[in-house]
1. Is at least one residue of segment B:219-240 part of a strand (DSSP E or B) and within 14 Å of chain A (Cβ to nearest Cβ)?
2. Looking at residue B:672 and the list (1) farther than 21 Å from residue B:306 by Cα; (2) away from every other protein chain (no Cβ under 14 Å), which single condition is not satisfied?
3. Residue B:459: assigned by TED's automatic domain parsing to the domain that holds residue B:559 and buried (at least 21 other Cβ atoms within 10 Å of the Cβ), yes or no?
4. Got a sec? Which of B:630, B:616, B:645 is in the same structural domain as residue B:416 (by TED's automatic domain parsing) and touching a Cys at 6+ places or on another chain (Cβ under 9 Å)?
5. Identify, by number, the condition in (1) more than 8 Å from chain B (Cβ to nearest Cβ); (2) farther than 23 Å from residue A:38 by Cβ; (3) free of Cβ contacts under 8 Å to residues at least 60 places away in the same chain that residue A:60 doesn't meet.
6. For residue B:556, which of the numbered conditions (1) surrounded by fewer than 19 Cβ atoms within 10 Å (Cβ to Cβ); (2) within 30 Å of residue B:342 (Cα to Cα); (3) touching a residue at least 12 places away in the same chain (Cβ under 8 Å) fails to hold?
7. Show me the strands (runs of 3 or more DSSP E) found entirely inside segment B:107-193 where at least 2 residues are touching a helix residue (DSSP H, G or I) at 6+ places or on another chain (Cβ under 6 Å) and of a type in the set (Val, Ile, Thr).
8. Give all pairs with beta carbons closer than 6 Å in which a residue from segment B:1-16 that is facing chain A (nearest Cβ under 7 Å) and on the phi > 0 side of the Ramachandran plot meets a residue that is surrounded by 18 or more Cβ atoms within 10 Å (Cβ to Cβ) and of a type in the set (A, V, I, L, M, F, W, C); count only pairs at least 6 apart in sequence or on separate chains.
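The values are calculated or read from the model by the stated rules, or taken from the named source; none is laboratory data. If you're wondering where the values come from, they're calculated on a predicted model, not measured in any experiment. FYI the Cβ positions are ideal-geometry reconstructions off the backbone, even for glycines, and counts take in every protein chain you see.
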Amino acid sequence: MVPITLQVNGQEVKAEIAIHERLLDFLRNELKLLGAKEGCGHGECGTCTVIMDGQVVNSCLILAVQAHGANITTIEGLGNTEELHPLQESFIEHGAVQCGYCTPGMILSAKNLLDKNPHPTRKEIQRSISGNLCRCTGYQKIVEAIEAVAEGRKGR
Amino acid sequence: MSKVTGRARFADDLSFHGMLFASTVYSQHPHARIKKVDMSKAMDIPEVLAVITPDDVPGSNGVMRGFLVLAGEKVKYVGDGVALVVAKSETAARKGRDAVVVDYEPLPPVLSIDDALKSGASLVHEDKEDNIISKSRYQLKKGDLERGFAEADFIVERTYETQFVAHAYIEPEVVIAVPDFNQEFMTIYGSIQNPFSARAAVAAALGWSVGQVKIVQNAVGGTFGGKDECAILNACRAAIASIKTHRPVKLSLSREESMVEGPKRHPYRFNFKVGVKKDGSILAMKSELIAQGGAYNNKAQFTNWRASIHATGPYNIPNIETRVFGVYTNTIYGGAMRGFSSPQCIFAQESLMDEIAQELDMDPLELRRKNALSPGHTLPDGQLLGEGGLPAPLPDIIDNTARKFKYSKPAQPQEGSVKKGIGIACGFRGAGLGAEAGADATGAIVTVQSDGSITIVSGLTDNGQGLKVAFSQIVAEVLGVSLDRIVYPTTDTSIIPDGGPTVASRGVMIGGRAMEKAALEVKKKILVVAGEILQLDPEKLTIENEEIFSPDNPEKRVSYMDVVSRAYATGQMLAALSWFSTGVPEFDYETGQGKSYPTYSWGMVITEVEVDTETGLVKVNRALSTHDVGTAINPAAIKGQVYGGYVMGQGMAVLEDIEQANGFVKSKNFDEYLIPTAMDIPDIDVLIVETGDTYGPFGGKSVGEPGTEMAAASVANAIAQATGRRIRNLPCNLERVFLGYNLTRQGTAR
């Protein structure tokens, strides 16, 4: 077991973990942050996406020890039940959610894009979520939802 | 809402006190006799508590028309489960799985349709006479085929083939069995599309009555028809493990396990012979369809029946003979997948139309316009269209779609290595289950609670496609109340009678009708109570914006909440369980003539592609997808279904293929099985056509499957037009587009 300290959604977390434990399992099993999901275990589908020190990462490909000292944002770190993050609101308004399994990862990839590039082109939006697979929506409404936030239109 | 905050709970997010984990030992061969299963090394692992084999199945090991909970004597494909290891942790379960040693005696595998039909072929199922799936044969006969051929100016014969396609839902299958030993009761939580089918199988495997098993659906991460046989077998395994260990047991499939074990879209082979007049009229069409069923079959009898009705397309062909059957092979198996044989049929049928147009040197649009089923014609099943019959909007759909898309054939030949092509596909789709399995029926419960909230329960399930919203809207609309009042708990098989599976786009059409009926009954009860308060005839009352009044005397009114309070105070029930059934349709299965479906949805897709002829890369630029939806209940949701459906069809057209070599699956994860990403999507426009069809609730017809079924055909036709080379087997992947053949199809590597 190895001790690690990291920031998760703005709070300091200290833990003793197995050296081979994946960040995804640490978040889900130890911290009970269940928003990041496992879809493939290979870094292909993006449902386990979290933001680590300003980069989107597939938490299934990162060991928890690698996150020592890092600053992690998961979907639970965005908005809350009283007030949603504009992206969350926009996803609902634009019907960008169907089964919802890819949604947390999608929103985090979009957030990271907008944090760095508040006014992306459509192509840049598409590229930013190209590591997040979705089988329900055909992506169109997801792209529209992100575009609306980028253009400062959250509402209908 | 909980889906955007990460708080929605999918099956893998649930855990129960004392929960154990299980892992399935899968077959190492496509076809082999099992000589010995040695579990001693697995049992030596300290955290492993049990290894389960077919001997431990308390009830029936055979479920769902011949599937096995665990294979005991022989394995029929690489996804067969041989044993189940149960352990205190997932890691230990997987370690235990790898430590089980199975001794096999390999048998010659049946790998293709041709293998299956060869004389002297080995038998996939040794208790059967041959490899043909029983009850998978259907035929449709209309007119006089030979006369049609004799009157034709020329004959076109073509063969097309499609591939195994994965549902590729992003959530792999997860099930959890939670036992209650006080009352011999088992609750299954899981990503399961059809809770009632699951309940029947789990009860059979346990040897219990169905009432002792309860299936609770969670948020389901996509299914598209697929979270069925494999999810259900795993539910059976988890339930048995749970009985054996007296603990809750979770079985969570990895992507690889899901890809290898789970159902796929059936590959079909289509042999067509068509008689055509010089003016483009199609006089006769003979088609033979063979489905590759794989190792087990639970669905080919249904997909094939649907195919038998639709195989010749939405065209006025007076003389038709269609025959269809399915075969077993020692490969992954076919199941239900969005479209349920129609994407395959439409690919073949619409490729054929383009090839006929080419023979005639006619514009493909004109050929379709000329032959489109129109008012006064009869459907392949003999049902009348137009006046006194069913709506026939296809001619208008063709004209309007072409106009909106600004359709014109790109000039040929094109300069440069990147060529543009435009492809068309038309389709029609029988609504619901039709005569597939007798009557199509389901129930709904609507209950007004004392606080005015309204709980609705459907026998059908929301799998992410938006049934919850549609049903809530129907009830709110009928009762004239705010949508916020509707509470929709997840499906629970112990609350409502078995309403069949949520398949065949029957969600809104059949489930919605039941919901509408239940809401209307409740409305009647509300009006009776309101009539007592207002001292007016309930028959004359109406509800609007939560107020009940008579339009003759709108001053006198009472609020919905006052009515609810009075009903509760005076002991009157404001609830209804209603049942909607289409009745048993009149249909002759010998000839395929009769009322196959109560109505049809019609549509057309036009797609523009760019093909890089130096690399084989296909870029789908733009598409217009037109759908007759009866009456559009929720246009935004319709578009959502069409966008998603189109992109799934696009994947089938250019990317997706489960590659198998000698019965072993090679594409097991998303690095080898590619599905479209956000970078691949075209500009998709949706044209909604309303036909005033009165069939569904508020006249609504479904669009979940029509949205996907024409896309692959339109993309394939666009590619053929761009390159001048017709690819007759899907997918049109890089090699096929560039070289004309597939590099790996006949590979031998494992």
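1. Looking for residues that are part of a strand (DSSP E or B) and within 14 Å of chain A (Cβ to nearest Cβ), one finds at least one in segment B:219-240, hence yes.
2. (2)
3. Taking the combined requirement at face value, the residue satisfies it.
4. Selected residue: B:616, the only one of B:630, B:616, B:645 that is in the same structural domain as residue B:416 (by TED's automatic domain parsing) and touching a Cys at 6+ places or on another chain (Cβ under 9 Å).
5. Evaluating residue A:60 over (1) more than 8 Å from chain B (Cβ to nearest Cβ); (2) farther than 23 Å from residue A:38 by Cβ; (3) free of Cβ contacts under 8 Å to residues at least 60 places away in the same chain leaves (2) as the failure.
6. (2)
7. The strands (runs of 3 or more DSSP E) meeting that bar are B:174-180.
8. Final answer for the pair search is B:6/A:75.
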